[in-house]
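Written below as structure tokens is the structure these notes are about.
The values are calculated or read from the model by the stated rules, or taken from the named source; none is laboratory data. Remember, predicted model here, so these are calculated numbers, not experimental data. Cβ: placed from backbone, ideal geometry, glycine included. Neighbour counts: every protein chain shown. What goes into the accessible areas is simple: the full protein's heavy atoms, side chains included, and nothing from ligands, DNA or RNA. Shrake-Rupley method; radii C 1.70, N 1.55, O 1.52, S 1.80 Å.
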Amino acid sequence: MNTILLGPPGVGKGTAAKRMVSAYEIPQISTGDLLREAVKNQTELGMQAKKYMDAGELVPDALVIGMLKDRVAREDCAKGFILDGFPRTIPQAESLDASGIRIDAVISLVAPEEVIVERLGGRRDCPKCGAIYHVKNSPPKKEGICDQCGTALITRDDQKPEVISNRLKVYRTQTEPLIGYYRKKNLLKEINAVQPIEAVFKDIQRALG
Ligand code: AP5
């Protein structure tokens, strides 16, 4: 099963993807995580991507498309995958179609902007194992420490209020048109993301059949 998770920053794509990985035993491919890893390792791609990410802008299509195709070609994707944060522009979606990679369903997570801003503001990440927390909605057992591996949690560089507001603007202009793109292809499944995390995941399972 090849699935795309679509939605604005902070709506809960990463959180839902992690539950889908356990349930369906297929990998989550987050272009955001791949890019952050490239920045951390100071690769050529990472050095080019950093200035866009820090400003809340999208990394140019040419850089992201190549990285994504390399990742999907790996053996662990043979039974399926969950694309989290890709495609994010119409050209990215068209390049996915042109590459012959089949998509079975597009899960669109829907929430109003005030919910999204609150979620992004309270998000905390484990830099070691990638677990995602929220200070109010899904706090770790011990404040500031990852339940799974004991590492100190961090706030991502792109969580500053001015960067959050640009990320939302970029979403509306460049990514939201994908909703119509996939609706026309009859692949879109809209899920109400303003529910507890487990209820969102149950709705996704139902939509995937
Ligand atoms: P990326 O890493 O993809 O970030 P994003 O899409 O902006 O989204 P987030 O990861 O911040 O949010 P999310 O929807 O995964 O929500 P989460 O589960 O964390 O991209 C970062 C940057 O990389 C981009 O700005 C761009 O520069 C670049 N990039 C990436 N892909 C690209 C591409 N294809 N092309 C070009 N550039 C690209 O949840 C948020 C919070 O809410 C958490 O704290 C969580 O605990 C909480 N939460 C989640 N669900 C619920 C719920 N149901 N109820 C209550 N709380 C909840």
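Under the rule a/c < 1.5 gives rounded, and otherwise a/b versus b/c splits prolate from oblate, where does region 64-174 land using the Cα gyration tensor?
oblate
What does the extension gain come out to for residue 147 and residue 73, with contour length at 0.36 nm per residue minus their alpha carbon separation?
Length gained, residue 147 through residue 73: 23.4 nm.
Please give the per residue accessible area of the chain, computed with a probe of 1.4 Å over protein heavy atoms only, in Å². Walk me through the intermediate numbers first.
Working: 10770 Å² over 209 residues.
For the chain, the per-residue accessible area is 52 Å².
Of the DSSP beta bridges with both residues in the chain, give the percent that are antiparallel, rounding to the nearest 5.
On the way: 6 of 22 bridges.
So the antiparallel bridges in the chain amount to around 25 percent.
Rounded to a whole number, what % of the accessible area of region 11-92 do carbon and sulfur atoms account for, probe 1.4 Å?
Roughly 53 percent of what the probe reaches on region 11-92 is carbon or sulfur.
Compute the Cα gyration tensor for region 148-209, then decide on rounded, prolate or oblate, letting a ≥ b ≥ c be the square roots of its eigenvalues: rounded whenever a/c is under 1.5, prolate when a/b is larger than b/c in the other cases, and oblate in all that remain.
The shape class here is oblate.
Towards the positive end of the charge dipole of the chain, with charges on Cβ (+1 Lys, Arg; -1 Asp, Glu), say which of 109, 195, 46 has the farthest Cα.
It is 195.
Over the chain, calculate the relative contact order: mean separation of alpha carbon pairs under 8 Å at least 6 apart, over the residue count, as a percent.
About 30 percent, as a whole number.
Tell me whether the chain comes out rounded, prolate or oblate; compute the Cα gyration tensor, take square roots of the eigenvalues as a ≥ b ≥ c, and use a/c under 1.5 as the rounded threshold.
rounded
Once amide H atoms are placed 1.01 Å from N in the peptide plane, what residues at a sequence separation of 5 or more from residue 81, or on another chain, have their amide H within under 5 Å of its amide H?
Placed amide hydrogens put 2, 3 under 5 Å from residue 81.
How would you rank 157-168, 13-24, 48-59, highest first, on the average number of other Cβ atoms within 10 Å across their residues?
Those peptides, ordered most packed to least, come out 13-24, 48-59, 157-168.
Please list, ordered by chain and number, the residues whose modelled amide H lies under 5 Å from the amide H of residue 108; skip anything fewer than 5 residues away on the same chain.
For residue 108, the qualifying residues are 6, 189, 190, 191.
I want to check the label-to-label distance for residue 129 and residue 55. Put each point 7 Å from Cα in the C-beta direction and report it in nm to one decimal.
Each label point is offset 7 Å from its Cα along the Cβ direction, giving 3.7 nm.
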